[in-house]
Amino acid sequence: MVDIIVIQSTIPLRDVGITSYGKAYKTIEKKTIDSTTQLAAQVNQRIALTFQIGQRFSNIIENQSVINFLTIKDGGGAETYKNAKEINKLFKMYRDTFDDYQWLKGVYIIGFNGNNISEAQGVYRLQKDMIDIETIQKVLSRPEDLHIIPHKLTDYGGETKEEAVISLGRTIEIPTTNQVIGVIIVDIDQRVIEVGCEDIALGNAGYFTIISHEDGQIAAVYRSDKEAEGCTLKQASLDLIVSQESGHFIERIQGRKEFIVFNTLSQVDWKIIGRVDLQDLMKSAYTIRTMTVSVILLSIVFTAVFYHFISGRLTRPIRNLREKMKQAEAGVFPIADESYSPDEIGDLQRGFNRMIVNIIQLIEDNKKEQELLKKAELKALQAQINPHFLYNTLDAIVWMAETNNSAKVVEITKAFSTFFRTALSEGKEWITVEEEIEHVRSYLMIQQARYQDILSYEIEVDPAIRDCRILKLILQPIVENALYHGIKNKRGLGLIQVKVSQLEDSKLLLEVIDDGYGMTEERLEALEDYWNGDYPQFVAGLGYGLKNVNERIKLYYGKEYGLTISSQHKVGTRVSLIIPRARDEEDV
């Protein structure tokens, strides 16, 4: 039996080990790819920075001395000499100002007017037509571009040396007319590329190469000494590299897998390619694989040795806890043994006890909440069947009957019937907005018959929300409060407005507005204190009906909802309520 349990215990260990190794391998692979990609980006940035430095030096053409030098035609006279002198000063100033110009081999300004000047030679004459010089031809072929051209060092019209350089060439124009009057060429030592590629280590034996793709031809700009004979990338891989800005892939070359990463220099369509042996990159993953297998084997041995000790310690408290859980399932809520052990079983016992305590507390809270709900419902119903309201309404009906106003008697009687039908509503707690509004309308019609000289009312309801369901009997107490504490205390005719509209966030806005007597800031503050329970008992005139409505709203909708009152003395009062919008019984 023990052997079976040990074997069963090692199956999850094996699965976890294999899964962990798989995830670790993927993590290392991702980090390796990211790291190699970042190294290629560093090479790109270093070379691009050097090109930016050369481009910055070429901005010398914006100086007026350069424009003058290339536009005057005095045959090497005083004016030419004067501007050449200024240009030489600019050369020196640029060199002295920026240390980054150490890789610049030379700067050449060549003009169509026959005036030429270089940093090394000063003013000089070309030995052949500038149009016949290949580098200048490329620059003039696209005057609007900055050209980056690798070739052998030359003075552009004279001697050519074996040193390899990269030339940055651009045209020089008259600013006002954009007329091309010459070119500037900045030569950068090609060794800057070698340094940029060699200084950044790519694994133990990885290296970088750079290729260009011009006029459909792929050519090597820089090739590392580490590249072995016959290890050139396949044509399909080169085609992929030149067709994309950046990326990476794995290719098998001479029986081994290489990880290839590439990106593009921003100033020129050159591709920087990093190549490294995949096994060299992933050797840490292979180490993890060996460690994982070792851990699994050790875990098997450990499980077999300590199983009896662990199982004996675990079984007793688990059996005890299981019995307590069965009792809880049957409706009896016992507290488990409180002599907790300092392990997971102890944590489970504590958690079970906390759960039982919370369940008992929730049951008690639910009982109290149900009692509060019943009390609130009873108070709301009592408020609707107010004896004074019944007496006054019946008295008004008798008075109208005695004056032979039969039509008004019928109207008020119907309103009276509608009022109580909605108040009772067959025991339902939720009614439609339309039903709630009819309840308020009936109440206002009855009260207007009694207070026709001081009361007028308006009701506005968005037709789109008439079928929405809300808690019943929440508007009439607010309207009643507006009548008895606002309108009746005002001289002349007063207006009560009832508005129900929808908000953008699936909520309803209910408002009762009156232009009655209003409240002072002190009385409004006292009303808020009364609602919050700061007054130990009811204080006359502090809105007992409103407090009841506010409590019902919080009980049914949640504590975040409730009434909001704003009032100004002798101006009027606005009572607002925002509640969630509900379409049917399931939503409420």
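If the condition is being farther than 17 Å from ILE565 by Cβ and among the hydroxyl-bearing types (Ser, Thr, Tyr), then the stretch 500-533 contributes SER501, SER506. Any chance you could count how many residues in the stretch 22-76 are surrounded by 16 or more Cβ atoms within 10 Å (Cβ to Cβ), polar (S, T, N, Q) and under 26 Å from GLY114 (Cβ atoms)? So the answer is 4.
Say we look at the stretch 437-471 and pick out the residues that are touching a residue at least 60 places away in the same chain (Cβ under 8 Å) and among the charged types (D, E, K, R); which of these is nearest to LEU509 (Cα to Cα)?
Of the stretch 437-471, the ones touching a residue at least 60 places away in the same chain (Cβ under 8 Å) are 437, 465, 467-471.
This time we only want the ones that are among the charged types (D, E, K, R), so: 467, 469.
Details: ASP467: 15, ARG469: 13 Å.
Among them, the one singled out is ARG469.
Is it the case that the stretch 254-264 has a residue that's of a type in the set (S, T, N, Q), at pLDDT 85 or above and in a strand (DSSP E or B)? Checked the stretch 254-264: at least one residue is of a type in the set (S, T, N, Q), at pLDDT 85 or above and in a strand (DSSP E or B).
Taken over the stretch 249-266, residues that are farther than 21 Å from GLU198 by Cβ and in contact (Cβ under 8 Å) with a residue 40 or more places away in the chain amount to 1. For the criterion of being among the β-branched types (Val, Ile, Thr), surrounded by fewer than 19 Cβ atoms within 10 Å (Cβ to Cβ) and under 44 Å from the mean Cα position of the chain (by Cα), ILE174 fails.
The residue list ALA228, ALA219, ALA201, ALA205 contains one member that is modelled with pLDDT under 80, in a strand (DSSP E or B), of a type in the set (Gly, Ala, Ser) and surrounded by fewer than 16 Cβ atoms within 10 Å (Cβ to Cβ), which is ALA219. The set of residues from the stretch 54-98 being hydrophobic (A, V, I, L, M, F, W, C) and free of Cβ contacts under 8 Å to residues at least 60 places away in the same chain comprises PHE69, ILE72, ALA78, ALA84, ILE87, LEU90, PHE91, MET93, PHE98.
The values are calculated or read from the model by the stated rules, or taken from the named source; none is laboratory data. Just so it is clear, the model here is predicted, and its values are computed rather than measured. Heads up, the Cβs are rebuilt from the backbone with ideal geometry, glycines too, and the neighbour counts pull from every protein chain shown.
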